[in-house]
1. According to the Cα gyration tensor, what semi-axes, each the square root of 5 times an eigenvalue, does the equivalent ellipsoid of region 57-115 have, listed from largest to smallest in whole Å?
2. With +1 on each Lys and Arg Cβ and -1 on each Asp and Glu Cβ, how big is the dipole of the chain about its Cα centre, in debye rounded to the nearest 20?
3. Quick one: Karplus J couplings for region 3-9, per residue in order, coefficients 6.51, -1.76, 1.60, θ = phi - 60°, nearest Hz, x for Gly and Pro?
4. Computed from these coordinates, which is Cα extents along the principal axes in Å: [x] 55, 30, 25; [y] 46, 33, 23; [z] 40, 34, 26?
5. Please count, across the chain, the pairs of lysine residues with Cα atoms under 27 Å apart that sit 8 or more places apart or on different chains.
6. First compute the accessible area of region 31-72 with a 1.4 Å probe, then give the percent of it belonging to carbon and sulfur atoms.
7. Quick one: which residues, 5 or more positions from A29 or on another chain, have an amide H under 5 Å from its amide H? H modelled 1.01 Å from N in the peptide plane, none for Pro or chain starts.
8. Using the heavy atoms of the protein chains alone and a 1.4 angstrom probe, what is the accessible area of the chain per residue in square angstrom?
Amino acid sequence: MGNFYVNFAVPKVDSAAVASALKSLGRKAFVTPRTDDVVIFYDQAADEQDASVIADVAAAMSKSLGAPVLAAVNHDDDVLQLWLFENGAAVDSYNSTPDYFDDDAGDKPTGGNAALLGRAFSASDTAAKITASFSITG
């Protein structure tokens, strides 16, 4: 059995602001100290891996903080799903194994725009490396 987890990454915002936003939204969460200009938080309800809850948390936090939020799901070490939110809206998503839950979805990774991700995290020089390594569009 592999690992299962959901986390959220927020660049350019301090831990206190993230904790305050979570509290104002009535969320139960664990917030890490800011490291390399990124705060990670784990939301209790999102940890059930319900995509609608994950999207709701990420959208609300990106709108509340005025910052990008990257939601990441690891399902049984077999599936990596990412959603990037800006200003309360989903701007990108990635699924490493779309056919894991849907046999008709195809077996190639879908989505993922490295340039958007790089811009959101001030790592645009890394976008080309991400694109080349993972065959992500963008």
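The values are calculated or read from the model by the stated rules, or taken from the named source; none is laboratory data. A quick note: this is a predicted structure, and the numbers were derived from the prediction, not measured. Neighbour counts run over all protein chains shown; Cβ positions are idealised from the backbone, glycine included. The area values use the complete protein model at the heavy-atom level, side chains included, leaving out ligands, DNA and RNA. Shrake-Rupley method; radii C 1.70, N 1.55, O 1.52, S 1.80 Å.
1. Values for region 57-115, descending: 24, 11, 9 Å.
2. Dipole size: approximately 800 debye.
3. For region 3-9, the Karplus curve yields 8, 9, 7, 10, 9, 10, 10 Hz.
4. [z]
5. Lysine pairs satisfying the spacing and distance rule in the chain number 7.
6. Carbon and sulfur together cover 48 percent of it.
7. Excluding prolines and chain starts, which carry no amide H, the hits are Q44.
8. 55 Å²
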